[in-house]
Each structure stands twice: as C-alpha cells, then as structure tokens.
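Right, one structure below, let's go through it.
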Amino acid sequence: MMAVEVQSVSFRYSTGRGVEDVGLQASPGELVGIVGPNSAGKSTLLRLLSKVVSPHRGRILIEGRNIATLSRVALARRVAVLPQDFHVAFPFHVAEVVLMGRFPHATVTPWGALHDSPRDWAAAQAALEATGVAHLVSRRIDELSGGERQLVSLARALAQEAPILLLDEPTAHLDLRHQRIILEILLTRHRQGQGTTILVSHDLNLAAEHCHRLLLLAEGRVVAVGHPEEVITQKHLEPAYGCPVTVERHPVSGRPRVQGILNQHDTHAERSITLRM
C-alpha cells in the first residue's frame, strides 16, 4: 500500500492559480521531492496533502484512506507539516512549542487538550535531541535565531510521530550550517526507516542528490515524474524554467547536477549560475 497517492487532482484559487490533473505516489519510507519554478503549484500541492484546501477534482489517499473522510485530528496523526515560514503568536518556551506537536495524541477535555502523559514528554524529548535543540528548552521562541527556530519547528513536527512528513522549503533562508543540520536529520530519518517524506525545494541539486524520486511542476501541471535522472534533464527543465540549462553528473554520486545560463537583458551578457532559487 502506498503511503501517499494523489490521483488526478485539480484545484484552483480565485486568482486562477493552482494545480491541474496532478498525480503522485510515495511509497513507505520514500523521500520524494517536488520541484519547479515559482507559482508552479508546489506549495499548493502540500496544502492539498495537509487538507488546508480540498481538491475540486480527483482524490488524495493517505495510507489507502481518502483524505476527505479523515478528521483533522486523524490526519494529524498520520501527517506532520514543516511550513516554510514558522510563526508563533506568543513567546512560548521551546519545550512548549515542541509539545504542541503532541496535540493530535493528547487527551481532550472540555477545557482543551492536555499534554501530561509520559509518552508526550518522551516524544518531545526525543525530537529535541534529534534536532540538537534540547539545550534550548527553557529559551523563548522569540529569542532564537532563524536557524534555531526552524530546528524547533522541525522538532515539533517530529514530536508528532506521524509516518508522513511534509516539508515546504525546509532549508530556505538558512545558513550553510543549519541547512546541513536539517538535511542530515532528514537523511538519518530515512536511513532508520522512520517514515515517508515529501519535500518541496527550489534547490534542484539538493533534490536531485538526495530524493528517491522527483515531481517537476510548471504552471500547475506535471512536467515529469520519476527518478532524478529521468526528471533532471535539459528537455524537461528548459521549458519548465524558461531558460537554458546544462545538466552534468556529480563526480562522486553520479546524480544529475544542474548549471544554468542567466541572461542579463540590460547588458546582453551571460554568466553561468547554479540553479538555487
């Protein structure tokens, strides 16, 4: 049984943007990357997978169950989300923020959910240690750097203990150290068989190097889906991104690696760049 199945899904916002007839499958334990230019529909697809919005056509199955039939709490027990922008309205302490990830498993009373079981604390502690932020438990979230906040957000998602993890640009706006930390956490999770991950990324080379399979979107439609070698090609990337690209092979891994040509219209000069947007 597939962990995730997106079956001919279409959705449009009032602006007309969205996705059209998108299909995707993710097997248990697989790391799947969603790539494409701005406004391609990548984040919209994650919003559909997390039931923030619902398909106008098609259906989404999570572990064989139609997402439309799942309550939000039931879905949150199966799917955790790491958003691109992490905001907490009040200056909670780090421990409190991470424990928020336990809400789907909490005891619910007429006064709200309670996080008081030993399992909740154990899950939160394990997530804090896995992300290397256990030493920050008594700090307020608004006192942390951007990289530290992103790690706390990831800890909250891991504390949820959901078998499916959705990540929207998890390394965006982070320095190299924090990018590497988050990437190592995700790769360790998969080496240990701890779940399925669907990753949205503008970094084509990162996605090509580490994902088992890729989905390339452009203007809300599927351009290509398959192994990185099948998707990261000049044939697929040039029309999707609207610029010339050169695809090479990584000298060690053999995975595809993208170089591009950026046209400078004001000077008519060209220079090589690595496609990291």
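The values are calculated or read from the model by the stated rules, or taken from the named source; none is laboratory data. Because the structure is predicted, anything quoted here is derived from the model rather than measured. Don't worry about glycine lacking a Cβ; one is built from the backbone with ideal geometry, like all the others, and counts go over all protein chains shown.
For the reader, a short list of remarks on this structure follows.
- Among (1) without any contact (Cβ under 8 Å) to a residue 60 or more places away in the chain; (2) under 30 Å from C243 (Cα atoms); (3) in contact with a helix residue (DSSP H, G or I) (Cβ under 7 Å, 6 or more places away or on another chain) - the single one G18 does not satisfy: (1)
Conditions tested, residue by residue: (1) without any contact (Cβ under 8 Å) to a residue 24 or more places away in the chain; (2) part of a loop (DSSP other than H, G, I, E, B); (3) farther than 23 Å from V245 by Cα.
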{"site": "I181", "(1), (2), (3)": "no, no, yes"}
{"site": "E184", "(1), (2), (3)": "yes, no, yes"}
{"site": "T197", "(1), (2), (3)": "no, no, yes"}
{"site": "N205", "(1), (2), (3)": "no, no, no"}
{"site": "A208", "(1), (2), (3)": "no, no, no"}
{"site": "L217", "(1), (2), (3)": "no, no, no"}
{"site": "V223", "(1), (2), (3)": "no, no, no"}
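- Condition check for L262: surrounded by 11 or more Cβ atoms within 10 Å (Cβ to Cβ), farther than 14 Å from A207 by Cα and at pLDDT below 90: yes
- Test: residue in segment 95-103 that is part of a loop (DSSP other than H, G, I, E, B), of a type outside the set (F, W, Y) and touching a strand residue (DSSP E or B) at 6+ places or on another chain (Cβ under 8 Å): no
- Members of segment 127-172 that are part of a helix (DSSP H, G or I) and in contact with a Ser or Thr (Cβ under 6 Å, 6 or more places away or on another chain): L151, L154, A155
- Segment 74-98 residues that are surrounded by 21 or more Cβ atoms within 10 Å (Cβ to Cβ), paired with ones that are charged (D, E, K, R) (beta carbon under 6 Å, 6 or more apart): V94/R139; V97/R156; V98/R156
- Within segment 191-200, being modelled with pLDDT under 95 and either on the phi > 0 side of the Ramachandran plot or within 14 Å of the chain's Cα centre (by Cα) (or both) holds for G193, G195.
- Residue match in segment 3-16 (condition: aromatic (F, W, Y) and either assigned to a strand (DSSP E or B) or at pLDDT 95 or above (or both)): yes
- For L31, the test of being surrounded by 14 or more Cβ atoms within 10 Å (Cβ to Cβ) and touching a Cys at 6+ places or on another chain (Cβ under 8 Å) is passed.
- Failed item, numbered, when A40 is tested on (1) among the aliphatic types (A, V, I, L, M); (2) touching a Leu at 6+ places or on another chain (Cβ under 9 Å); (3) surrounded by fewer than 21 Cβ atoms within 10 Å (Cβ to Cβ): (3)
- Filtering segment 132-166 to residues that are of a type in the set (S, T, Y) and either more than 16 Å from V88 (Cβ to Cβ) or surrounded by fewer than 19 Cβ atoms within 10 Å (Cβ to Cβ) (or both) leaves S138, S145.
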